[in-house]
Amino acid sequence: MPRMLDVSDDVRAEIGDEEADLLLAGETAPGSYDCTSCRTPGDSERERTSTVLFVGEETAVLAFAHAGCIPSQVVTVSEEQLQGAVASITGETSVAGHAAPSPAAADVPRSEPGGQAVLGITSGLVLLDGTLYPALVVEPTAPIARPGTTGPGDDFLPLLIEQGFIPVTDTAEVPSPLAGWSVLLAGGQLHAVLQPGADGSGQVAWWQAHQALSVTEGWRTEVNKTKRVLVYAAPVGSIGQQPREDLLRDALDKAAASGKLVAASMPLAGT
């Protein structure tokens with residue numbers, strides 16, 4: 001039976017016309033599936049469904065999602081991250097809930113001698129004008145030097161502002177959308193924050209989890225309502241690991257008051 005599948009041009013180019021046509025005809029596509037974004041059941045025979053192709057260095061995995069959650073697209077991830085996504089998609093790992101904000105970390109290039117800086121990331125809900133929003137808070141563990149320099153300054157916020165992040169002066173306002181960036185949630189877990197590729201040919205990971213980050217059921221519920229994530233960033237030492245969301249909000253308020261906070265709103269996935 002034909003399926004109500006969305007197969008983007010990028011996905012078709014990767015899997016080939018023959019495989020794409022087989023999917024659309026229902027020969028190789030499942031009828032029912034668990035959405036790779038929200039993890040609730042979907043039915044490609046009854047509702048529009050996106051094909052999402054995760055591509056690693058050596059392997060690729062095709063997943064399915066509600067078209068209302070994320071569009072059909074190709075997502076480039078590391079081979080290690082792809083294996084984590086496979087485990088999540090196939091149910092080999094569970095999604096744990098946490099009462100407190102959830103931290104994770106990933107390596108990103110750093111221009112100072114000695115190699116890598118680590119970005120810590122915390123997920124939590126923020127209340128803005130009576131509405132709950134899913135948010136991520138990013139803070140490096142060390143100063144970030146501008147590429148081509150050796151420090152000792154911290155250019156983390158200026159670099160993000162150049163990418164389109166906006167300085168936050170009032171944490172009660174919803175941050176402006178940032179074109180080309182998105183937040184990748186696969187198997188109900190946080191995998192990466194994606195940014196536009198240098199050559200304009202798709203997205204690459206700006207932040208990527210060593211292991212997929214579990215988010216709370218409340219966070220997933222709200223992100224499925226808003227389809228957007230608020231991403232805040234602050235220099236090292238500005239936020240810290242806060243055990244509760246009210247304390248996290250207090251830390252955001254203080255960082256904004258001292259001119260050390262930038263933010264942007266991003267779609268759950270895609271551009």
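The values are calculated or read from the model by the stated rules, or taken from the named source; none is laboratory data. Just so it is clear, the structure is predicted and the values come from calculations on it, not from any experiment. Backbone-built Cβ (ideal geometry, glycine too); neighbour counts: all protein chains shown.
Some points to look at:
- Of the residues making up segment 1-22, those that are among the hydroxyl-bearing types (Ser, Thr, Tyr) and free of Cβ contacts under 8 Å to residues at least 24 places away in the same chain number 0.
- Segment 145-160, subset modelled with pLDDT of 85 or more and either over 21 Å from ALA256 (Cα atoms) or not charged (D, E, K, R) (or both), residue surrounded by the fewest Cβ atoms within 10 Å (Cβ to Cβ): PRO158
- Segment 161-183 - residue that is hydroxyl-bearing (Ser, Thr, Tyr) and in contact with a Ser or Thr (Cβ under 9 Å, 6 or more places away or on another chain) and, of those, surrounded by the fewest Cβ atoms within 10 Å (Cβ to Cβ): SER176
- Hey, ALA85 modelled with pLDDT under 85, out of contact with any Leu (no Cβ under 8 Å at 6 or more places or on another chain) and buried (at least 16 other Cβ atoms within 10 Å of the Cβ) or not: yes
- For CYS69, the stated conditions hold: it is under 17 Å from VAL7 (Cβ atoms), part of a loop (DSSP other than H, G, I, E, B) and modelled with pLDDT under 80.
- Screening GLU47 on (1) closer than 23 Å to ARG228 by Cβ; (2) at pLDDT below 80; (3) of a type outside the set (Val, Ile, Thr); (4) surrounded by fewer than 19 Cβ atoms within 10 Å (Cβ to Cβ) shows it passes everything except condition (2).
- Hey, SER111 modelled with pLDDT of 50 or more and not in a helix (DSSP H, G or I) or not: no
- Cβ pairs under 7 Å, 6+ apart, first in segment 23-35 and assigned to a strand (DSSP E or B), second among the hydroxyl-bearing types (Ser, Thr, Tyr) and surrounded by 17 or more Cβ atoms within 10 Å (Cβ to Cβ): TYR33/SER44
- Residues that are in contact with a helix residue (DSSP H, G or I) (Cβ under 9 Å, 6 or more places away or on another chain), under 17 Å from VAL138 (Cα atoms), not assigned by TED's automatic domain parsing to the domain that holds GLN163 and not in a helix (DSSP H, G or I) occur in segment 197-205; there is at least one.
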